[in-house]
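Presented below is the structure to which this report refers.
The values are calculated or read from the model by the stated rules, or taken from the named source; none is laboratory data. Note that the structure is predicted; figures quoted are calculated from it, not measured. Using ideal geometry, Cβ is built from the backbone for each residue, glycine included, and neighbour counts are taken over all protein chains shown.
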Amino acid sequence: MQSVLKIKVGRHINGITLNGYEYLLTEEDGDIMLFDSEEQAKQFLLKQGETEAGLGWYKFESVEVAA
């Protein structure tokens, strides 16, 4: 079975670095949103109103998913 790399986006809960991460979720079913690239994820966040400086608070994590 083949797999592909996708990017998931998280940030510390309530902005507190001691807390775990919360991840972007889809509106349809509440699954974690996956992007084809880090750049695509950043563009999504910017379109949602995040600033360039604010992007530094996010974690862009590679994950393997079945193709």
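Below, the figures for the structure above:
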| read-out | value |
| --- | --- |
| Subset of the range 30-39 that is outside any helix (DSSP H, G or I) and without any contact (Cβ under 8 Å) to a residue 24 or more places away in the chain - its residue that is nearest to the chain's Cα centre (by Cα) | 31 |
| Filtered residue count, the range 52-67, keeping only those that are touching a residue at least 24 places away in the same chain (Cβ under 8 Å) and under 12 Å from residue 41 (Cα atoms) | 5 |
| Residues located in the range 30-39, provided they are among the charged types (D, E, K, R) and surrounded by 14 or more Cβ atoms within 10 Å (Cβ to Cβ) | 38 |
| Checklist (1) at pLDDT 95 or above; (2) out of contact with any Asp or Glu (no Cβ under 6 Å at 6 or more places or on another chain) applied to residue 13, failing item | (2) |
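So that you can scan it fast, the table gives a plain yes or no per residue for (1) part of a loop (DSSP other than H, G, I, E, B); (2) exposed (fewer than 10 other Cβ atoms within 10 Å of the Cβ):
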{"residue": "5", "(1), (2)": "no, no"}
{"residue": "8", "(1), (2)": "no, no"}
{"residue": "11", "(1), (2)": "no, no"}
{"residue": "19", "(1), (2)": "yes, no"}
{"residue": "28", "(1), (2)": "yes, yes"}
{"residue": "41", "(1), (2)": "no, no"}
{"residue": "50", "(1), (2)": "yes, no"}
{"residue": "54", "(1), (2)": "no, no"}
{"residue": "60", "(1), (2)": "no, no"}
